[in-house]
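**Student:** Got a structure here, written out as structure tokens. Questions coming.
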Amino acid sequence: MINARDLRKGKLVMHEGDLYVVHEARYVTKGKGGTYMQTKLKNFKQGNMTDVRFRVDERVEVPFVETKEYEYLYEDGSGYVLMDTETYDQIVISSDMVSDAKDYLLPNEKVTCQILDGEVITFELPTVVTLEVTETPPVVKGATVQNQPKDAIMETGVKVRVPAFVEPGEKIRVDTRTGEYLDRVK
């Protein structure tokens with residue numbers, strides 16, 4: 001059991017007797033109404049989405065799952081191929097499970113999967129990844145606005161807002177939860 005305030009995207013929870021994956025979790029503060037967690041839960045078996053509001057101190061049941069590290073190898077027609085870092089066994093997971101994480105996924109990236117009854121149920125990237133900038137607009141000389149961010153296209157194809165001094169070919173660190181630029185890699 002955990003407090004509802006600890007719910008995060010990708011967390012597996014039991015709600016009303018069914019297994020759900022947290023798709024979104026927002027901490028909401030109302031003036032006199034108190035605080036709560038507004039969540040969007042995806043039913044693990046049926047795939048339908050449900051909006052659920054929890055009090056922040058409400059206890060939520062979390063099933064026991066095995067957490068295992070895998071290495072992403074490549075994408076093929078049937079899904080994403082992962083390799084167990086201990087046994088070197090390969091598994092394929094669906095594109096639906098990877099969803100938006102594909103924007104930050106490079107070969108040989110370490111990922112964490114949760115396994116319930118021998119089946120992979122969640123897929124998590126590290127919170128920070130290093131990506132190479134492949135394309136950015138040029139810096140405008142004499143621009144009067146300081147620290148103006150610009151769009152940069154990464155090697156995976158995802159767009160990230162970066163400071164004006166970032167150039168193509170540089171490697172940057174990106175927060176996979178928010179998609180925000182953190183810093184340049186030295």
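**Student:** Does LEU106 meet the test of being of a type outside the set (Asp, Glu), surrounded by 12 or more Cβ atoms within 10 Å (Cβ to Cβ) and either touching a residue at least 40 places away in the same chain (Cβ under 8 Å) or part of a loop (DSSP other than H, G, I, E, B) (or both)?
**Tutor:** yes
**Student:** Looking at (1) within 21 Å of the chain's Cα centre (by Cα); (2) crowded, with 18+ Cβ neighbours inside 10 Å, which is the one condition that is false for THR85?
**Tutor:** Every listed condition holds for THR85 apart from (2).
**Student:** Assess whether ASP57 counts as being under 22 Å from ASP117 (Cα atoms), among the acidic types (Asp, Glu) and surrounded by 10 or more Cβ atoms within 10 Å (Cβ to Cβ).
**Tutor:** Considered against the rule, which asks whether it is under 22 Å from ASP117 (Cα atoms), among the acidic types (Asp, Glu) and surrounded by 10 or more Cβ atoms within 10 Å (Cβ to Cβ), ASP57 comes out as no.
Residue-by-condition table, conditions (1) outside any loop (DSSP other than H, G, I, E, B); (2) modelled with pLDDT under 90; (3) of a type in the set (Asp, Glu); (4) open to solvent by less than 70 Å² (accessible area, probe 1.4 Å):
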site: MET97; (1), (2), (3), (4): yes, yes, no, yes
site: ASP100; (1), (2), (3), (4): yes, yes, yes, no
site: CYS113; (1), (2), (3), (4): yes, yes, no, yes
site: VAL120; (1), (2), (3), (4): yes, yes, no, yes
site: VAL133; (1), (2), (3), (4): yes, no, no, yes
site: VAL140; (1), (2), (3), (4): no, yes, no, no
site: ILE153; (1), (2), (3), (4): yes, no, no, yes
site: GLY157; (1), (2), (3), (4): no, no, no, yes
site: VAL160; (1), (2), (3), (4): yes, no, no, yes
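**Student:** Filter segment 162-182 for residues that are at positive phi and either open to solvent by 30 Å² or more (accessible area, probe 1.4 Å) or touching a Cys at 6+ places or on another chain (Cβ under 6 Å) (or both) and give the result.
**Tutor:** Once the filter is applied, which keeps residues that are at positive phi and either open to solvent by 30 Å² or more (accessible area, probe 1.4 Å) or touching a Cys at 6+ places or on another chain (Cβ under 6 Å) (or both), segment 162-182 yields only GLY169.
**Student:** Checking PRO63 against (1) farther than 30 Å from GLY17 by Cβ; (2) touching a residue at least 40 places away in the same chain (Cβ under 8 Å); (3) assigned to a loop (DSSP other than H, G, I, E, B), only one condition comes out false. Which one?
**Tutor:** Going through (1) farther than 30 Å from GLY17 by Cβ; (2) touching a residue at least 40 places away in the same chain (Cβ under 8 Å); (3) assigned to a loop (DSSP other than H, G, I, E, B) one by one, PRO63 breaks only (1).
**Student:** While we're on this one: Of a type in the set (Val, Ile, Thr) and under 20 Å from the mean Cα position of the chain (by Cα): which single residue out of VAL52, VAL28, VAL62 fits that description?
**Tutor:** Sole residue among the options that is of a type in the set (Val, Ile, Thr) and under 20 Å from the mean Cα position of the chain (by Cα): VAL62.
**Student:** Let me spell it out: the conditions are (1) assigned to a strand (DSSP E or B); (2) open to solvent by 30 Å² or more (accessible area, probe 1.4 Å); (3) modelled with pLDDT under 90, and GLU69 meets all of them except one. Which number is the exception?
**Tutor:** (3)
The values are calculated or read from the model by the stated rules, or taken from the named source; none is laboratory data. Keep in mind that this is a model prediction, so the values were computed, not measured. A quick note on method: Cβ atoms are made from the backbone with ideal geometry, for glycine too, and the neighbour counts reach across all protein chains shown. Side chains included, ligands, DNA and RNA excluded: accessible areas come from the protein's heavy atoms. Shrake-Rupley method; radii C 1.70, N 1.55, O 1.52, S 1.80 Å.
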